[in-house]
Amino acid sequence: MSGRGRPGTDRLVAAAFALTVLGAVFFAAVYVLGNRTQLLGLALFLAFAGLAAGFAVWAGRLLPQGPYVEEREAMISPPEARRVFASELDRDQEPVVRAALPRRMLMLALGTLAVAFLFPIRSLLFSGPTPWRALGRTAWRDGVRIVDAEGRPLRPSDIARGGIVTVFPEGRVKDDHAMTVLVRVDPARLALPGGRGAWTVDGVVAYSKICTHAGCPVALYVQTAEQLVCPCHQSVFDVLKGAPPVAGPAARPLPQLPIGVDAEGMLVARGDFPAPVGPGYWRTT
Ligand code: FES
């Protein structure tokens, strides 16, 4: 191999890494300006295609190709042979050391890619609610009125004894994540844990409607047993005791929503659910 390197090959490798730089800049620009998924995919394709092409050409044309044969007859080479070998080794290394342009372009390509990926990472960590925070909260807040599926505010007397009503936060009647059921029972029969008796109004108790097993709506109420039943896999929840599962595959209680009434006697939430709603991979209670 010549000691002067291969300028044509160097430039080819540098051009491939330059394509990576362009792809990374394109990715960052698309992400910041409009976040179009197809264009993001194209940008990543260009970036990694350039990286792959650069490495392939570098490995195929700039690195020593061999073959190399190890002499095994003499275990210790005479001094003169070692000197010749060392000088040969230095000479063969020379083109690699001289390939400064590809090395610089590789550093630039990797650095640009790293900077481009900071944009989505920043969005994930600092812009708006993160997925895990969003899943752990609902739209219920202290003072938010409780409305039915038509958006009508409710009074405790609107819930018949033994009745069940699906409700939502006011203004969020399409918000399935906050979907809740109101059940009215005899207040004297309630045996809620942890002082949660204050979370009810005249025997009206509120639970998340999302099953803690696999997320189906807990749509059935067995009035005689005062139990909520999920139709998907028949998990059964005891309404009187804070909705712990008493049968079926669910392992967690339905989270209970603290409720009260406002100055006009309308039902309102007194905060969010104390535990994440939905399937049982949330092990926080
Ligand atoms: S989703 Fe409710 S029991 Fe399976």
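Please treat every number below as a calculation from the coordinates, not as lab data. Please read all numbers here as calculations on a predicted model, not as lab measurements. Here the Cβ is made from the backbone with ideal geometry for all residues, glycine too, and neighbour counts use every protein chain on show.
Side notes on the structure shown:
- Taking the longest Cα principal axis of the chain as reference, the axis of helix 100-126 is set at about 0 degrees.
- Ranked list, fewest to most other Cβ atoms within 10 Å of each Cβ, for Val218, Val236: Val236, Val218
- The stretch between Ser123 and Lys241, if pulled fully straight at 0.36 nm per residue, gains 38.3 nm over its current Cα-Cα span.
- Charge dipole magnitude, Cβ of K and R +1, D and E -1 - region 146-269, Cα centre, debye nearest 20: 300 debye
- Rg ratio (alpha-carbon, reference 2.2 N^0.38 Å) - the chain: 1.80
- The value for region 7-127 of Rg(Cα) / (2.2 N^0.38 Å) is 1.55.
- Order of Val173, Val69 under a 10 Å beta carbon neighbour criterion, fewest first: Val69, Val173
- The chain: most fluctuating residue of Met107, Met179, Met266 per GNM, C-alpha cutoff 10 Å: Met107
- Expressed in Å, the radius of gyration and Dmax of the Cα atoms of region 193-268 are 12.9, 41.
- With loop membership from DSSP and a limit of 12 other Cβ atoms within 10 Å, the longest segment of the chain without trypsin sites (Lys or Arg not before Pro) is 175-282.
- Between the listed residues His213, Thr224, Gly163, the Cα displaced farthest toward the positive end of the dipole of the chain, a dipole computed from Cβ unit charges relative to the Cα centre, is found at His213.
- Highest-MSF residue in the chain out of Glu264, Glu70, Glu170 [GNM, Cα springs under 10 Å]: Glu70
- About its Cα centre, the dipole of the chain is roughly 400 debye, where the only charges are +1 on Lys and Arg Cβ and -1 on Asp and Glu Cβ.
- Tilt relative to the chain, helix 7-33 - C-alpha long axis, 0 to 90 degrees, to 10: 20 degrees
- Here the residues Ser123, Ser157, ranked from fewest to most Cβ neighbours within 10 Å of their Cβ, fall in the order Ser157, Ser123.
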